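J.: Before I ask anything, let me first share the structure, which is written out below as structure tokens.
The values are calculated or read from the model by the stated rules, or taken from the named source; none is laboratory data. Just so we're clear, the structure is a prediction, and the values are computed from it rather than from any experiment. Virtual Cβ from ideal backbone geometry, glycine too; neighbours counted across all protein chains shown. When the accessible area is computed, the model is the full protein with side chains, heavy atoms only, and any ligands, DNA or RNA have been set aside. Shrake-Rupley method; radii C 1.70, N 1.55, O 1.52, S 1.80 Å.
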Amino acid sequence: MKGMATIDRARLRSLMEREQQRFVHDRPKSRALFERAGKSLLGGVPMNWMMKWAGAFPPFVREAQGAHFFDVDGNRYIDFCLGDTGAMTGHSPFATVKAAEEQLKRGITLMLPSEDGVFVAEELQKRFALPFWQFALTATDANRFSIRLARQITGRSRILVFNWCYHGTVDESFITLKDGVAQARRGNVGPPVDPSITTRVVEFNDVPALEQALAAGDVACVLAEPVMTNVGIVHPEPGYHAALRELTRKYGTLLIIDETHTICAGPGGYTRAENLDPDFFVFGKAIGGGVPGAAYGFTQDVARGIQEHHSLEDCDTGGIGGTLAGNALSLAAMRATLEKVLTKAAFDQMIPLAVRWAEGVTKTIAEFGMSWNVTGLGCRAEYLFSATPAKNGTQAHDAMDFELERFMHLYAMNRGILLTPFHNMALMSPVTSKEDVDHHTRVFREGVRELAG
Ligand SMILES: Cc1ncc(COP(=O)(O)O)c(C=O)c1O
């Protein structure tokens with residue numbers, strides 16, 4: 001049942017109009033910048049997805065620090081979006097900035113290793129229990145490189161993903177199921193080939209469908225978030241990960257666990273929290289405290305498989321690389337972030353705040369009888385417009401309500417709160433405070449009260 005069953009759409013639209021007027025009124029400088037930007041940036045934004053912010057234009061940022069930022073009009077925001085996890089450390093964490101500043105003066109990119117790379121790999125070994133590591137600049141690339149390596153090792157061409165997953169701009173992953181049939185995902189821009197040629201797609205938590213898709217023995221790897229986080233939060237059912245690991249092994253398929261978002265579960269991500277045993281592990285976004293960087297790790301067996309195919313003459317080509325990947329600045333930032341920012345102590349601080357945020361939202365949902373639910377994972381929490389938590393991507397996707405979501409986002413923005421633009425997610429940084437969370441609780445309640453009428 002959708003939240004919309006209880007929501008008067010005419011009322012929602014008139015509230016939206018009122019909020020839009022307030023948004024524009026309070027942001028003349030952002031508006032002027034947006035108008036200027038329209039003459040040089042397509043759509044007036046540096047990246048197409050920035051058009052999705054709920055306001056008439058995005059607020060232009062003056063500066064960000066910790067869990068807060070100011071726009072150019074001087075409006076202050078509590079940032080629960082945190083760069084969609086890129087700034088999960090809080091903006092410009094002191095230790096990362098210090099290390100990056102020092103490195104900036106000592107050389108930014110060289111195509112040669114530095115000691116920081118060794119330190120980072122050793123730290124990643126300890127955290128995630130995988131022996132070998134390589135670097136990329138984005139989680140997308142770390143996923144792409146892992147997929148290529150999996151293909152090379154297994155000699156198989158296909159991959160498998162879960163319906164309504166997101167792993168960055170990985171061509172093979174833009175596929176969804178419609179009435180059980182795999183097809184290019186809506187909005188897939190210029191797919192190189194029909195993704196059903198490269199990819200099998202099944203629902204998360206559906207073990208028989210997974211087995212059926214792997215049984216032909218032509219799937220190189222499964223690319224999975226251990227908990228889905230990009231269509232609301234969808235948890236695995238008890239035993240699902242054990243089945244996933246067992247079936248991938250049974251059919252000779254490698255398992256890539258993408259923890260770019262689920263690192264929110266703790267310093268060792270969901271993998272360590274739940275003792276998963278992947279063949280590849282991907283960690284991007286927050287690893288450098290906001291400085292671009294990503295890492296992928298793999299087992300001894302995978303390392304052997306890679307080396308069996310290694311050619312000294314050709315190792316600088318072949319689809320894995322990036323001139324700036326593993327640059328000195330990224331590595332210095334990753335080292336400081338892992339050593340001093342994304343520590344166990346930080347997670348001990350962040351996780352209870354997400355619980356507090358979820359409790360506040362849950363209370364309001366109950367008070368106004370909305371058929372919405374709240375889910376959480378570590379320092380991340382999210383509400384979805386369905387009465388019960390989703391068990392797979394389709395259920396989560398069906399519960400989305402674009403109009404209602406935009407209202408909730410705009411209402412929050414007008415009262416100094418930023419949620420992620422794509423769904424209703426809030427992330428806690430090590431410097432987010434209880435007051436920040438409680439402000440959201442009050443604003444959320446007020447918004448729902450107005451909606452309920
Ligand atoms: C789980 C997951 N993996 C990978 C990515 C890609 O990250 P990036 O856009 O930094 O390459 C994302 C982005 O949202 C993600 O959510």
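J.: Excluding residues on the same chain fewer than 8 positions from K391, give the aspartates and glutamates whose Cα lies under 20 Å from its Cα.
T.: Leaving aside aspartates and glutamates fewer than 8 places away in the same chain, those within reach of K391 are D179, E203, D206, E211, E225, E237, D258, E259, E274, E382, D401.
J.: Return one whole number: the accessible area per residue of the chain in Å², for a 1.4 Å probe.
T.: On the way: 19930 Å² over 453 residues.
Ligands and nucleic acids excluded, the result is 44 Å² per residue.
J.: If you stretched the chain out fully between S92 and V193, how much longer would it get, using 0.36 nm times the residue separation minus the C-alpha to C-alpha distance?
T.: Going from the current span to full extension adds 32.3 nm.
J.: Determine, from the Cβ-Cβ distance of E308 and K250 and an R0 of 22 Å, the FRET efficiency 1/(1 + (r/R0)^6), rounded to the nearest 0.05.
T.: Values: r = 23 Å, r/R0 = 1.03.
About 0.45, to the nearest 0.05.
J.: With N set to the number of residues, divide the alpha-carbon radius of gyration of the range 259-326 by 2.2 N^0.38 Å and report two decimals.
T.: So the Cα radius of gyration is 1.32 times the expected 2.2 N^0.38 Å.
J.: Can you run the Rg to Rh ratio on the range 1-55? Use alpha carbon positions and the Kirkwood inverse-distance Rh. Before the final figure, lay out the partial values.
T.: Details: Rg = 15.0 Å, Rh = 13.3 Å.
Result for the range 1-55 is an Rg/Rh of 1.13.
J.: Quick one: how many Å² of T96 are accessible to a 1.4 Å probe, rounded to 10?
T.: 0
J.: Next question. Using the Kirkwood formula on the Cα atoms of the chain, what hydrodynamic radius do you get, in angstrom to one decimal?
T.: Computed over the chain, the radius equals 22.9 Å.
J.: At 1.4 Å probe size, with no ligands or nucleic acids counted, give the accessible surface of E122 in Å², nearest ten.
T.: Spelled out: E122, probe radius 1.4 Å, area about 90 Å².
J.: Another question, then. For K344, go through the lysines and keep the ones whose alpha-carbon is under 20 Å away, minus same-chain ones fewer than eight residues off.
T.: K126, K285, K434
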